[in-house]
Amino acid sequence: MADVVGKNSVILLGTNALTTYFNRLTIDRSRTLVATPKFGNDGMTRSATLHDGRLVATGLHDDTATTVGAYMDTFFTTAAGQVMSAGPNLTTAGNETFLLQAKSVNYRINPTAGGMSGLEFEALPDRLATTDAGALAIERARWLHALSAETSTVNSAGVDFTAGTTNGGVAHLHVTASTVTAVTIKIQHSTDDAAGDPYADLLTFTAVGPSLTSERGVVAAGTTVKRWLRFIISSFVGTTITPAVA
């Protein structure tokens, strides 16, 4: 059993790393179960229909121009929501995280006399039905690249997902800092992480330039995704980029 240290939790929202503003995180995945009683059964049966969930984070408020107060206000007023990745551990690739296209349902500022002002926000998943067919409301995933700077092309080590799937998938990219002209970031897959099945492109994100960006990439439902995945930067023009990919 591997214990997970809570202090290594991470919250990435769009192009913003919110981790240092918060000290408590709750990720709640749920689904609707509809009763399906049948003649001859002694007990109730139920069928799952819609998947849902929510994410709640609490921490400390900061009202300066480029910190969490401003980020929360933008998040709250963005109709389309934002790409969010959050989980208990972003220290290395392979660790668990959760992915959602998130919409802000509320955020609260809680000042107290003699203490720091608190902040809480709640986000709900809003699946993009036209492109996310087959995706759950909140997807369990693994980091392929922890949030850190890169200065050249990269072929990361493979991450073992223990089995392949024919259900397609989703992936998130967050770029929180950039001084590049053009960078191409991809996810590749392999059945054995070896020469027997060399890595091949699975998903290519939109080319990254000097502007910060985030993206939810979709591998269509029904597409085969092999057991091993890795992050690569296949071309690099510029100085430094700070990406996270799950």
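The values are calculated or read from the model by the stated rules, or taken from the named source; none is laboratory data. This structure is a prediction, so every number in the text was calculated from the model and none was measured. Note: ideal-geometry Cβ built from the backbone for every residue, glycine included; neighbour counts use all protein chains shown. Side chains included, ligands, DNA and RNA excluded: accessible areas come from the protein's heavy atoms. Shrake-Rupley method; radii C 1.70, N 1.55, O 1.52, S 1.80 Å.
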With each pseudo-label sitting 7 Å past Cα toward Cβ, what's the Thr153-Ala80 distance in nm, one decimal? 3.1
Count neighbours as other Cβ atoms within 10 Å of each site's Cβ, and list the trypsin sites (Lys or Arg not before Pro) in the range 29-124 that are DSSP loop with at most 16 such neighbours. Lys38
Keeping all protein chains in the complex and leaving out DNA, RNA and ligands, what accessible area do you get for Thr162 with a 1.4 Å probe, in Å² to the nearest 10? 100
Straight-line reach check, Lys103, cutoff 19 Å on alpha carbons, 8 or more apart in-chain or any other chain, hits among aspartates and glutamates -> Asp28, Asp52, Asp73, Glu120, Glu122, Asp126, Asp132, Glu139, Glu215
Just to verify a number: what accessible area does Ile109 come out at with the full protein assembly present, 1.4 Å probe, Å² rounded to tens? 80
Given a 1.4 Å probe and heavy atoms of the protein chains only, how would you sort His51, His145, largest accessible area at the top? His51, His145
Taking all pairs of distinct Cα atoms, average 1/r, flip it, and tell me the Kirkwood hydrodynamic radius of the range 31-164 in Å to one decimal place. 18.4
Before anything else, pin down the relative contact order of the chain: Cα pairs under 8 Å, at least 6 apart, normalised by residue count, whole percent. 20
What value does the range 1-92 have for Rg/Rh, both radii from Cα atoms and Rh as Kirkwood defines it? 1.17
When a/c reaches 1.5 or more, the comparison of a/b and b/c decides; with that in mind, is the range 128-246 rounded, prolate or oblate per its Cα gyration tensor? oblate
For the chain: span of alpha carbons on each principal axis (Å, largest first): 67, 63, 39
What's the magnitude of the charge dipole for the chain around its Cα centre, counting Lys and Arg as +1 and Asp and Glu as -1 at the beta-carbon? Answer in Debye, nearest 20. 380
Subtract the Cα-Cα distance of Lys7 and Leu212 from 0.36 nm times their separation in residues, and report this length gain in nm to one decimal. 71.2 nm
What ranking of Met72, Met116 comes out by heavy-atom accessible area, probe 1.4 Å, highest first? Met116, Met72
The range 113-127 and the range 54-92: distance between their alpha carbon centers, rounded to Å: 9
Theoretical FRET efficiency, 1/(1+(r/R0)^6), r = Cβ-Cβ of Arg46 and Thr223, R0 30 Å, to 0.05: 0.50
Relative contact order (percent, whole number), the range 105-233, Cα cutoff 8 Å, 6+ residue spacing: 31
Filtered hits (lysines, Cα-Cα < 24 Å from Lys186, offset >= 8 within chain) -> Lys226
Sort Leu90, Leu13 from largest to smallest accessible area, using a 1.4 Å probe on the heavy atoms of the protein chains. Leu90, Leu13
Over the heavy atoms of Phe22, what accessible area does a 1.4 Å probe trace out, to the nearest 10 Å²? 30
